[in-house]
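Asker: If you scroll down you'll find the structure; I have some questions about it.
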Amino acid sequence: MNIVVYKKDSDEHVSTLWEGIGRILPELARTDVPVVLAVTGAGGKTTCIAALARELMDRGKRVLVVTTTHMYQPERYGVLTDDAAAIVRQMRETGIAVAGLPCDGGKISYIGDAAYHTAARHADVVLVEADGSRRLPFKVPGVNEPVLPARCDAVLSIAGLSALGRSLQAVCFRWDEAADAARRFGRTFPQEAADGTVPLSISLFARLWQNCCLSGMAWDIPVLPVLNQADTPQHRIAASLIFQEMDLPAGLITSFAGKEGVPCI
């Protein structure tokens, strides 16, 4: 695992993902109520959630993992029911509960508001997978995405660097909705991407991610951009250049090489 905190004036390597998040969003260090993080985008949402959950468990925290849409059934720590008491018991016994209702395709769905709110009160941190990406490294959010819980402290918006150099239609979920998304967000769509065949350069990746994805997250909560799959020195350099192109003040550059594709936890 490799975590870099990108800021305009410097890059800083940190030892854990939670530490990196805290460098940019120090307000999440509170302990009075559960911290709720939604994870959106593509290119490593579930891997990111799994890494965070394990880190927090190692710190003695109780972690609730849920989805507001669908995610793959967990290999461990699963509580496949909307029984809040069972979910809380799992958190207390192991430190992590991945809660969801079984559905088609080996996936789980949302446990419902009643079970969620009851279980969340007993967690220190709640991690919410808030949209889907069909296991592609890049995505355009649908009209009703992401699906955030009623109270959310921050959003981690992820994009996968493995999309670079490949055609938009090969790597992007809902690529054909990108122009509509840009219009919906009041931004300019890069016309060279219109037919989906152009390879994603650093510049095009940055413009698409900013204009068709991040610009739609105009909420009153922090959005932390995360460039994942920085598995080579070239990808790490590309990540910094993407952040520079987007003129972002801060973000995370991450690599979970060898841990990608794990269903969960």
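The values are calculated or read from the model by the stated rules, or taken from the named source; none is laboratory data. All figures in this text were calculated on a predicted structure; none of them were measured in a lab. When we count neighbours, we look across all protein chains shown, and the Cβ atoms used for this are built from the backbone with ideal geometry, even at glycine. What goes into the accessible areas is simple: the full protein's heavy atoms, side chains included, and nothing from ligands, DNA or RNA. Shrake-Rupley method; radii C 1.70, N 1.55, O 1.52, S 1.80 Å.
Asker: Which trypsin sites (Lys or Arg not before Pro) does region 14-69 hold that lie in a coil by DSSP with at most 10 other beta carbons within 10 Å?
Answerer: Qualifying residues, ordered by number: Arg30.
Asker: How big is region 179-248 by the Kirkwood estimate over distinct Cα pairs, in Å?
Answerer: Across region 179-248, the inverse of the average 1/r is 13.0 Å.
Asker: Please work out the FRET efficiency for the pair Ser10 and Ala85, using the Cβ-Cβ distance as r and a Förster radius of 51 Å; give the result to the nearest 0.05.
Answerer: Computed FRET efficiency for Ser10 and Ala85: 0.60.
Asker: For a quick check of understanding: with a 1.4 angstrom probe and all protein chains in place, what accessible area in square angstrom does Asp82 have, to the nearest ten?
Answerer: 90
Asker: Further question: Counting only protein heavy atoms and a 1.4 Å probe, tell me what percentage of the chain's accessible area is made up of carbon and sulfur.
Answerer: That share works out to 48 percent.
Asker: Please state the shape class of region 50-105: rounded when a/c is under 1.5, otherwise prolate if a/b exceeds b/c and oblate if not, all from the C-alpha gyration tensor.
Answerer: Oblate.
Asker: What whole-number value in Å² describes the accessible area per residue of region 1-124 for a 1.4 Å probe?
Answerer: Counting only protein heavy atoms, the per-residue value for region 1-124 is 44 Å².
Asker: While we're on this one: How many angstrom lie between the Cα centre of region 1-79 and the Cα centre of region 135-213?
Answerer: 22
Asker: Could I ask something else about it? What's the magnitude of the charge dipole for region 1-55 around its Cα centre, counting Lys and Arg as +1 and Asp and Glu as -1 at the beta-carbon? Answer in Debye, nearest 20.
Answerer: Roughly 160 debye, rounded to the nearest 20.
Asker: Shifting gears a bit: Which of rounded, prolate or oblate describes region 145-265 when judged by the alpha-carbon gyration tensor and an a/c cut-off of 1.5?
Answerer: Rounded is the answer for region 145-265, as its axis ratio a/c remains below 1.5.
Asker: Another question, if that's okay. With a 1.4 Å probe and all protein chains kept in place, how much accessible area does Ser133 have, in Å² rounded to the nearest 10?
Answerer: Roll a 1.4 Å probe over it and Ser133 shows about 10 Å².
Asker: May I ask you to derive the relative contact order of region 49-100, considering only C-alpha pairs under 8 Å and at least 6 residues apart, and to give it as an integer percent?
Answerer: Normalised by residue count, the contact order of region 49-100 is 43 percent.
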